[in-house]
1. Among the residues that make up the stretch 73-84, is at least one of them within 30 Å of Phe194 (Cβ to Cβ), in a strand (DSSP E or B) and either at pLDDT below 95 or of a type in the set (Lys, Arg) (or both)?
2. Can we say Gly179 is of a type outside the set (Val, Ile, Thr), in a loop (DSSP other than H, G, I, E, B) and farther than 24 Å from Gly44 by Cα?
3. Inspect all residues belonging to the stretch 104-119 and state whether any of them is open to solvent by less than 60 Å² (accessible area, probe 1.4 Å) and on the phi > 0 side of the Ramachandran plot.
4. Does the stretch 123-131 contain at least one residue that is without any contact (Cβ under 8 Å) to a residue 12 or more places away in the chain and either surrounded by 15 or more Cβ atoms within 10 Å (Cβ to Cβ) or closer than 18 Å to Val80 by Cβ (or both)?
5. Taking Phe63 and the conditions (1) of a type outside the set (Gly, Ala, Ser); (2) in contact with a strand residue (DSSP E or B) (Cβ under 7 Å, 6 or more places away or on another chain); (3) open to solvent by 30 Å² or more (accessible area, probe 1.4 Å), which numbered condition does it fall short on, given that it satisfies the others?
6. Any residue in the stretch 156-169 that is in a loop (DSSP other than H, G, I, E, B), crowded, with 19+ Cβ neighbours inside 10 Å and touching a strand residue (DSSP E or B) at 6+ places or on another chain (Cβ under 9 Å)?
7. Testing Ala135 on (1) in a loop (DSSP other than H, G, I, E, B); (2) touching a Gly at 6+ places or on another chain (Cβ under 6 Å); (3) of a type in the set (Gly, Ala, Ser), one condition comes back false. Which one is that?
Amino acid sequence: MHYITEDTKSNMYKMVSRSLEPEPAHVCGPRCLGPLTFHREAVGALVSLSQGARRADRTRDTFRHGLVFSSRPVQPQERVCLRVERCGLNWCGAMRIGFTTVPPTARDLPSLAIPDLTDTPGHWAAPVPEMCCLAGSELEFWVSYGGTLYFRNANGRQHKLLEGVDLSWPLWAMIDVYGQTCSVLLLGSEKKYFLCNRKSCPAPQRHSSCSAHQRHASLNVDKYVNVKQICDDSHDRYPLPCPASKQTSNCESVEDCAVCMSQKACISLRCGHQCLCLQCATRVIQEFGTCPLCRQNIKN
């Protein structure tokens, strides 16, 4: 059994400070598209963000004021994946999806994407059919290299929604949590290439196997560094519960970091997943607040 010493803790504090310094770009591996969440400042008047700014809920019994945007620009052919978490059948219509060349900032937003935003330059959005937005429905949307907006629901074929999206400027994804759609969860994004696929990070899992009693952990930096660290001595490993999705015969954890996929996973979270290297762990805690494997909240 190995505990983090005071010297190691001091070094970790230094690494955390360095990790919070501004960086030119987030790079964690050749197949990483970068973190993708909802923009924390540009949100509709009745939107509440949670789960590391990946879940957007409309907080009152109304059909409007549900605008959210991606935290960073998305690329052509980068497919943004969503899941409808909650619906209210007392309204007609469902979520609107699209893109904008106007950078999201902390400002007053109109109540609707259509027509309030689409009547102004630099905004393109279209409604998703209600039958594709029932609770639990998953879909993805993207803009092609020709400027066409498409969407596809799970196990369905792609549908063209509109044309004429301007690709000469960076594009942010735009979602209006509208009508019967009350809550959406951002599952990440993926871009397909000829030889490989690239995904946003941490790669989100679509289902969580965590129990409710595990959500008490508060992993700010001070408490985080007191979590047991799994060391190289396999015969002395601290016995952690083995997640159901990662079970093996001897309950081993993931060997490579689930974020960068290049460093050894040496940090174990309270949910039982040993899935992060030290460098990625500090960034995941500060920027996302959830386990990259099971999505358990590790900050609140």
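1. Yes, there is a match, as at least one residue in the stretch 73-84 is within 30 Å of Phe194 (Cβ to Cβ), in a strand (DSSP E or B) and either at pLDDT below 95 or of a type in the set (Lys, Arg) (or both).
2. Working: of a type outside the set (Val, Ile, Thr): yes; in a loop (DSSP other than H, G, I, E, B): yes; farther than 24 Å from Gly44 by Cα: no.
Against the criterion (of a type outside the set (Val, Ile, Thr), in a loop (DSSP other than H, G, I, E, B) and farther than 24 Å from Gly44 by Cα), Gly179 does not qualify.
3. No, the stretch 104-119 contains no residue that is open to solvent by less than 60 Å² (accessible area, probe 1.4 Å) and on the phi > 0 side of the Ramachandran plot.
4. No, the stretch 123-131 contains no residue that is without any contact (Cβ under 8 Å) to a residue 12 or more places away in the chain and either surrounded by 15 or more Cβ atoms within 10 Å (Cβ to Cβ) or closer than 18 Å to Val80 by Cβ (or both).
5. So the condition that Phe63 fails would be (2).
6. So far as the stretch 156-169 goes, yes, one or more of its residues are in a loop (DSSP other than H, G, I, E, B), crowded, with 19+ Cβ neighbours inside 10 Å and touching a strand residue (DSSP E or B) at 6+ places or on another chain (Cβ under 9 Å).
7. Answer for Ala135: the failing condition is (2).
The values are calculated or read from the model by the stated rules, or taken from the named source; none is laboratory data. All figures in this text were calculated on a predicted structure; none of them were measured in a lab. We place every Cβ from the backbone using ideal geometry, glycine too, and count neighbours over all the protein chains shown. Quick note on the areas: whole protein, heavy atoms, side chains included, nothing else; ligands and nucleic acids left out. Shrake-Rupley method; radii C 1.70, N 1.55, O 1.52, S 1.80 Å.
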